[in-house]
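Quick notes on the structure that follows.
No value in this document is a laboratory result; all are computed from the given coordinates. Treat the numbers as computed from the prediction; the structure is a model and nothing was measured. For neighbour counting, all protein chains shown are included, and Cβ atoms are generated from backbone atoms with ideal geometry for every residue, glycine included.
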Amino acid sequence: MDRTRIAKTESKYLTVVFVYPQVENVTLARRGEQVVGTLHLTPHHLIFSHVPEVPDPQAQGAPIRPRELWITYPIISNCVLRPAPAASRHPSSIRLRCRDFAFVCFYFDHENKARDVYESIKQWTCKVGNIEKLYAFAYQPPQPEREFNGWDLYDARKEYARQGIGKDGGAWRISQINADYTFSPTYPSVLVVPSNISDNTLNYAGRYRSRARVPVLTYLHPVNNCTITRSSQPLPGLRGHRSIQDEKLLSSIFSTSQSQRPLATITPPNLDRESSTPSPGDRSTGQTDDWINAEEVEDKMMESLRSDTDEQPHIYGAQQQNLIVDARPTVNAYAMQALGLGSENMDNYKFATKAYLGIDNIHVMRDSLSKVVDALKDSDVTPLGPSRDQLARSGWLKHIAEILDGTHLIARQVGLQHSHVLIHCSDGWDRTGQLSALSQICLDPYYRTMEGFMVLVEKDWLSFGHMFRYRSGHLSSEKWFQLENERIGGDANRSFSETSGAGKALENAFLSAKGFFNRDNSSQSSLVEPEAETPNHDLDSGTRKVSTTPRRSAAEQETTKVKDTSPVFHQFLDATYQLLYQYPTRFEFNERFLRRLLYHLYSCQFGTFLYNSEKERVEGKARERTRSVWDYFLARRNQFLNPNYDPLIDDNKRGSERLIFPRTSEVRWWSEVFGRADAEMNDTRPSGTVIPAGRENTATQRPPVVTGIETANDSVSSGTLGKETQRAASDGLAAVTSGISNLAIPKGKESGQGPDTMNAMEVEMQ
């Protein structure tokens, strides 16, 4: 490779000139079109430049600026070298798949050139060693970005003050227990808890929650003072351990609005919580031995939640029914008990109802997106559209709809039912972040502004500890680099999402067993590194132990574990796009804003998404050493504004209400982010109505997101792992679903317990 690409760095005393490799006569193939140019390799970018042909002969005298395609190394998700011997008629090639769904192919006239470029890309992509060598630490912003400091955009105390926290005599206070991140390293330093809960109570409650992520406030509704709180899973284990402090904390949270609603604690006559046997009215008329199937129950529940949201007037202040939302499938939550984890025993939380949402974990989501990529992967060499069948089989839209279903449930409980909601999944930083943030978008118009959305991402994603470094795979992996002959013969390093169905099931079983016998963290679904200092939970005692193995600092050598990666934040942006598409006048920002934010999630140009927690960002001095991603958007604000935005909020005017609710039947492909035309991914009826691809015949078949309802005495579940009685939870169902009651499930009814369910349980136990 020649070395003629020059970059100059000047200082007061010294001028340093860097000479980078370049390769001439390289052919770029993209969307079926080919151009010949020069490929430059710099430490942070792959740059292809070419001089476009001039169609107008009269304009040939004018200087022609070369066009450039810049690809940052961390955004490469797959690189395949296809060497071709000199005797072959086919040129050697390198095919790249990028996380922004750009697909390109480079053809070389000599095999040696292709191999040298392949090794250089591999060296600068997955041999970095630590995040401090990424582009963000060398990036020099243009002048417009220097006028902003996005790190100052979010101030936790200011945001909570906007919500009404901090008033004298209020029901909430800001605790200092995590000011130095010793209480819970993955939590923010500012924690909002009920005023009557002491730090000592929090300390004891932290021993009962995975990673000490106790229930804390993230949103206080300004109209009814009801809340959204979030946490990690509790630690009941097989022996059913309990924590009085955790129960007291949650009871206090759910009681904070009672002074404003004195009738909130009154239970209607038909909801008898103390009854341990079903009353005659608990069964439907005419039912004797055959009880209603759980799937039918859930279908009716979710249909009730979604029915005529926009056509019927909202009834505010209905009977309060506080809700604990476990985002996991019911069977997965029960499976975690074998690891000393689990879900709340509602006998100890009689002041609430629990709903399982059935949202799949990070491994299922990664596999789903991989199938979408498979449907698009030939975009470099052909202009043909993606395979509709492959898109439908990916299940991506189903997962987005399930997340929005859960969002609808939470937003309805807080906004219409005037109830409190606690959200958790396993560790409380993946599915919990999705549901919490999306619910707040539906409830609060502030988060639908550009500034408010930035604050929301800072609060519920960055401060509450979503593992961006692990989930995004910034340091890449050698498993993403392959030689074509290895792929033909079968590559032993293929990622989890690329294995066959049978092999995947077997791998899940082995990983489940390995996770059970070799646990070194508090939630196997997080798949953190074994040498990290993470809480360990004793299966017999249920007490929290801390590993004595020293934590490996972010500055030391590390690589990406493919099984840690997952498009969790991508799904959040996709779900936000669905809301933006369904309510085009209610958002200040446009679709391009979301698309560019997804790009910079992987570009590593800014320091915002490089770390796993607020603590890591502070220790890494990201604020001092890198720029914030918000600088990019604030400097180009006009490019990301929605021209149709209407800021008016008036609950008496149709189309201007404070609350919005997702319509899951209208979920569609976000074609722009996949680099496709809308017609290529979404079918259109003659009347112009868009039908999401692959959803025409499956929308009504998709199972509801709620897979189980539990109260202190009753349990309704789609599986077989509910309580022994397995009878109707008419009291909880009536309140949660606004009118659906007298529904039951046969005792021991095995509905929905198949191989797929067991597979999901095995994956969750990782």
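Label residue 348 and residue 672 with points 7 Å out from Cα along Cα→Cβ: what is the distance between them in nm?
Taking the simple label geometry, residue 348 and residue 672 are separated by 4.8 nm.
Taking the alpha-carbon centroid of each part, what is the distance from the stretch 644-666 to the stretch 198-256 in angstrom?
Here the answer is 32 Å between Cα centres.
Sorted by mean Cβ packing within 10 Å, highest first, what order do the peptides 225-231, 463-469, 672-678 take?
On the way: 225-231: 24.9, 463-469: 23.1, 672-678: 16.3.
Result, highest mean first: 225-231, 463-469, 672-678.
Could you work out how much longer the chain between residue 67 and residue 24 gets when fully extended? Use 0.36 nm per residue separation minus the Cα distance between them, nm to one decimal. Don't skip to the answer; put the middle values down first.
Numbers: separation 43, 0.36 × 43 = 15.48 nm, distance 1.50 nm.
Extra length available between residue 67 and residue 24 comes to 14.0 nm.
Along Cα→Cβ, 7 Å out, is where each label goes; now give me the distance between the ones at residue 179 and residue 35 in nm to one decimal.
The two pseudo-label positions are separated by 5.7 nm.
Pulled fully out, how much extra length does the chain show between residue 644 and residue 147, if you take 0.36 nm times their separation in residues and subtract their Cα-Cα distance? Walk me through the intermediate numbers first.
On the way: separation 497, 0.36 × 497 = 178.92 nm, distance 2.79 nm.
Extending this stretch completely gives an extra 176.1 nm.
What ranking of 600, 40 emerges when the number of other C-beta atoms within 10 Å of each C-beta is taken as an exposure proxy, fewest first? Write out the running numbers ahead of the final one.
Working: 600 19, 40 22.
Lowest count first: 600, 40.
For the stretch 574-658, place one equal point scatterer on every Cα, skip the solvent, and apply the Debye formula. What is log10 of I(q)/I(0) at q = 0.19 Å⁻¹?
-0.90
For 353, 256, which order do you get if you count the other beta carbons within 10 Å of each Cβ and list the fewest first?
Values: 353 26, 256 21.
Sorted ascending by nearby Cβ count, the order is 256, 353.
Multiply the residue separation of residue 115 and residue 651 by 0.36 nm, subtract the distance between their alpha-carbon atoms, and state the gained length in nm to one decimal. Working shown, then result.
Values: separation 536, 0.36 × 536 = 192.96 nm, distance 6.32 nm.
Separation in residues times 0.36 nm, less the Cα-Cα distance, equals 186.6 nm.
To the nearest 0.05, what FRET efficiency results for residue 203 and residue 238 with a Förster distance of 25 Å applied to their C-beta separation? Don't skip to the answer; put the middle values down first.
On the way: r = 25 Å, r/R0 = 1.01.
Between residue 203 and residue 238 the formula returns 0.50.
Go ahead and collect, in residue order, the members of the stretch 104-121 whose backbone nitrogen is under 17 Å from a label point 7 Å along the Cα-Cβ direction of residue 483.
Output list for this probe position: 111-121.
Modelling each spin label as a point 7 Å along the Cα-to-Cβ direction, I'd like the residue 158/residue 665 distance in nm, to one decimal.
Result: 4.4 nm between the two label points.
Please list 326-334, 214-222 highest first by mean number of surrounding beta-carbon atoms within 10 Å per residue.
Working: 326-334: 26.9, 214-222: 24.1.
Descending mean neighbour count gives 326-334, 214-222.
For the pairs 127/615; 127/563; 167/459; 248/561; 133/563; 371/615, flag any whose C-alpha to C-alpha distance is greater than 30 Å.
Numbers: 127/615 25 Å; 127/563 18 Å; 167/459 20 Å; 248/561 39 Å; 133/563 23 Å; 371/615 35 Å.
Long pairs (Cα-Cα over 30 Å): 248/561; 371/615.
Given a Förster radius of 51 Å and the C-beta distance between residue 123 and residue 388 as r, what FRET efficiency does 1/(1 + (r/R0)^6) yield to the nearest 0.05?
Numbers: r = 39 Å, r/R0 = 0.76.
My answer for the efficiency is 0.85.
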